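The values are calculated or read from the model by the stated rules, or taken from the named source; none is laboratory data. Bear in mind that the values here come from a model prediction, so they are computed numbers and not experimental data. As a convention, Cβ positions derive from the backbone with ideal geometry for all residues, glycine included, and neighbour counts pool all protein chains shown.
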Amino acid sequence: MSTYIHVYLCNCHSEETRNLINCLGSAIFSNSTTPVYVYEVIGLYIINIKMKFQEIVEKLSPLVSEHSLTTDDDNNPEITGVAAVSEAEGQQLSYIEGSKFAAMVSKTAASALILPRDKGLQQEATEKGIAWLSTPEPRLTFAHAIKLFYTPFNPFPAIHETAVIDPSVTLGKDVYIGPHVIIQQGVKIGDNACIQGNVVLYPDVVIGDRTLLHANCTIHERAQIGNDCVIHSGAVIGAEGFGFVPTPEGWFKMEQSGYVILEDGVEIGCNSAVDRPAVGTTRIGRNTKLDNLVHIAHNCQIGENCVMASQVGLAGGVTLGKRVILAGQVGVANQAKIGDGAIATAQTGIPNDVAAGEIVSSSPAVPNKLYLKASAIYKKLPEMYQTLKRLQKKLEE
């Protein structure tokens, strides 16, 4: 494997650390063909990685339950990166998820492919001279492969000199706190947490171990973020729920004294909001993932391993079971309950409960199979209308 190593430093590291890394860079540069570049910033990248395809297979093998690959020793290309199959160039690795993309094998310029269990695709790749790895789950295997070539920016543990941190704050080991971060009283931050620039943490917030808060997100009071969570830029966790009581004079504001809990492994997309309730808890279960622009209202209870695409909106008190999938722009009405494994397709409006395992579409939501039948009929309505007019005219005669 050959690499170019880029080392980034900043003035929030100790002089001893800075000197050590500079010396390390000089030593590597003088004793190796690997170039080392030292900059005045904040972290470490390893880029321009090159690996033989067989080396990639060896690294992926422990992650894949079963695999097979070409045995031609001459077909072991050097791989420098990953790409979409339609955009891949020589020395790049890509994947094909299923037989409906079979035509891409003959069109792609990729040097290596991750393929499904399809002997026809494997034979075609072999005839074209493309190295391949076959796996039951090509997309998942490709996701692991990306990690071999891409390392997210990982800042060294440090506290930027412009950060404002209340003396009562509890900081774990090896945390990074970026420029202009504001951390108010009573906050607790776990080990190896990373808090990027301009983040605001309100009083008594809890941030778990290894959690990443991207720039410009805000965590309000009475919010608890678990371990290994990711909160993307612009997201707001724990802001006041939309609670107002009608009176003859107008709307009386109900104070939102409840809590928001994000369990371990939750990821919240850019500009999404998770509101805290007047009483009780808004909870998002372990390993659930939210896309950008998702709204979770007060008192929602979200199960484990759910996925919500962009512009999903949940009204107050909604309950989702485990492994629920809500596609883009799905809306769920107040107090509705959605069972384990249910799926709502894009732009579905859900006014009532949805049973476990059911697939629903349209607004108001109906079973997906019924929706597909109705959609097919809908396209024929103009023709059916003309037929009906002709029949009506004959009857009148």
Name the residue that is nearest to Val230 (Cα to Cα), counting only residues in the range 250-288 that are basic (Lys, Arg) and more than 22 Å from the chain's Cα centre (by Cα).
Arg276
Criterion: within 23 Å of the chain's Cα centre (by Cα) and farther than 22 Å from Ile231 by Cα - qualifying residue of Ile302, Ile296, Ile377, Ile359
Ile359
Counting only strands (runs of 3 or more DSSP E) entirely within the range 216-327, those with at least 1 residues that are buried (at least 19 other Cβ atoms within 10 Å of the Cβ) are 223-225, 236-240, 259-262, 273-276, 281-284
Can you spot a residue in the range 364-371 that is at pLDDT 95 or above and in a loop (DSSP other than H, G, I, E, B)?
yes
Test for Gly129: is it over 30 Å from the mean Cα position of the chain (by Cα) and either surrounded by 13 or more Cβ atoms within 10 Å (Cβ to Cβ) or at pLDDT 90 or above (or both):
yes
If I filter the range 223-243 for residues that are touching a strand residue (DSSP E or B) at 6+ places or on another chain (Cβ under 8 Å), over 25 Å from Thr288 (Cα atoms) and assigned by TED's automatic domain parsing to the domain that holds Ala297, do I get at least one hit?
yes
Criterion first (crowded, with 20+ Cβ neighbours inside 10 Å and either farther than 23 Å from Gly265 by Cβ or touching a strand residue (DSSP E or B) at 6+ places or on another chain (Cβ under 6 Å) (or both)) does Ala342 satisfy it?
yes
Scan the range 85-115 for residues that are under 26 Å from the mean Cα position of the chain (by Cα), farther than 18 Å from Phe53 by Cβ and not hydroxyl-bearing (Ser, Thr, Tyr) and jot them down.
Glu87, Glu97, Gly98, Lys100, Phe101
If Val360 satisfies all but one of (1) closer than 28 Å to Phe244 by Cβ; (2) buried (at least 21 other Cβ atoms within 10 Å of the Cβ); (3) not basic (Lys, Arg), what's the number of the condition it fails?
(1)
Residue among Lys337, Lys373, Lys389, Lys394 that is closer than 20 Å to Cys300 by Cα and basic (Lys, Arg)
Lys337
Considering residues that are out of contact with any Ser or Thr (no Cβ under 7 Å at 6 or more places or on another chain) and touching a residue at least 24 places away in the same chain (Cβ under 8 Å), the number found within the range 263-283 is 11
Within the range 84-100, count every residue that is crowded, with 17+ Cβ neighbours inside 10 Å and either closer than 19 Å to Thr135 by Cα or of a type in the set (Ser, Thr, Tyr) (or both).
6
For Val181, which of the numbered conditions (1) loosely packed, with under 15 Cβ neighbours inside 10 Å; (2) under 22 Å from His220 (Cβ atoms) fails to hold?
(1)
Can you pull out every residue in the range 202-215 that is closer than 10 Å to Ile237 by Cβ and either in a strand (DSSP E or B) or touching a residue at least 40 places away in the same chain (Cβ under 8 Å) (or both)?
Leu213
Hey, Lys394 hits all of (1) out of contact with any Pro (no Cβ under 9 Å at 6 or more places or on another chain); (2) surrounded by fewer than 17 Cβ atoms within 10 Å (Cβ to Cβ); (3) in the same structural domain as Phe242 (by TED's automatic domain parsing) but one; which does it fall short on?
(3)
Report, by residue number, each residue of the range 171-187 that is in a strand (DSSP E or B) and over 25 Å from the mean Cα position of the chain (by Cα).
Leu171, Ile182, Ile183
When every residue in the range 127-139 that is in contact (Cβ under 8 Å) with a residue 24 or more places away in the chain and out of contact with any strand residue (DSSP E or B) (no Cβ under 7 Å at 6 or more places or on another chain) is compared, the one nearest to Gln54 (Cα to Cα) is Gly129
